[in-house]
Amino acid sequence: MKQEDLHKYERELYKEGVNLIAGVDEVGRGPLYGPVVAAAVILPQDYHLEGLTDSKKLSAKKRDLFYDIIKEHALSIGVSFVSAKRIDEINIYEATKEAMYDAISKLDIEPDHVLIDAMKLPNLKMPSTSIIKGDAKSESIAAASVIAKVERDRLLDKEGEKYPNYGFERHKGYPTKAHIEAVIKYGVLEEYRRTFEPIKSIINGSEINESSKTKRRKTKTRKTGTRKTTKA
């Protein structure tokens, strides 16, 4: 993807007279352990970071580099962590929305427009645009993706130090074979998502489906299309 594609949505909004744009993204919908994390980032107008893209496409070293640069130059950053317990209470889709709303509310500056990766947040008081795969199409969303990813990864690194038998620093809570084997051997910790398979089956003592040992089907929320704009 061409780097200039990351500026398309921002340029259009600036031409319309919008001054402050917040990009919003989340990380951690698929893991069995830990919170879902959302970040909201407002970058200065015409501020570009060469090479910035979806955090999943960046190496850990590059993510850390961009994280430091974004933290230094962003006009405002909001980060929200929604716990495994809350995810179990309201489901991962609603928990993701809750994290996004909360991250936006933590911005020191109120944005004029919000660009969101895939999700629709109809209760925002300002206009917003939902962009499918927005973390690879909008620099503001890509910046939020990096912040959320690094924040969550660092949290899981600390969990790995706290619980060395589980390997959180390696798999970040995602359902790898080694991770599932560790849960079966050492038990279900407090921050496991008890409504997620195979954690649910492990707790209930049920037979674990072979496919759920290495992957969990994610709730499908992303539809075809590229953008949806909501007026406040």
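The values are calculated or read from the model by the stated rules, or taken from the named source; none is laboratory data. Not measured: the values here are computed from a predicted model. Heads up, the Cβs are rebuilt from the backbone with ideal geometry, glycines too, and the neighbour counts pull from every protein chain shown.
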Restricting to segment 9-57, give me the number of residues that are loosely packed, with under 13 Cβ neighbours inside 10 Å and touching a residue at least 40 places away in the same chain (Cβ under 8 Å).
4
Which of the residues that make up segment 32-76 are basic (Lys, Arg) and at pLDDT 95 or above?
Lys61, Lys62, Arg63, Lys71
Please determine whether any residue of segment 1-21 is of a type in the set (S, T, N, Q) and modelled with pLDDT under 95.
yes
Going by what's in this entry, would Asp68 be described as over 22 Å from Gly160 (Cα atoms) and surrounded by fewer than 14 Cβ atoms within 10 Å (Cβ to Cβ)?
yes
Output for segment 112-127, where each listed residue is out of contact with any Asp or Glu (no Cβ under 8 Å at 6 or more places or on another chain) and surrounded by fewer than 24 Cβ atoms within 10 Å (Cβ to Cβ)
Asp112, His113, Ala118, Lys120, Leu121, Pro122, Asn123, Leu124, Lys125
Among (1) free of Cβ contacts under 8 Å to residues at least 40 places away in the same chain; (2) within 13 Å of the chain's Cα centre (by Cα); (3) closer than 21 Å to Pro44 by Cβ, which single condition is Ala142 missing?
(1)
Considering only residues of segment 37-63 that are charged (D, E, K, R) and in a loop (DSSP other than H, G, I, E, B), which is farthest from Asp102 (Cα to Cα)?
Glu50
Return the residues of segment 59-69 that are aliphatic (A, V, I, L, M) and either touching a residue at least 24 places away in the same chain (Cβ under 8 Å) or not assigned by TED's automatic domain parsing to the domain that holds Ala142 (or both); say none if nothing qualifies.
Ala60
Pick out the one residue from Lys137, Lys149 that is over 14 Å from the mean Cα position of the chain (by Cα), charged (D, E, K, R) and on the phi < 0 side of the Ramachandran plot.
Lys137
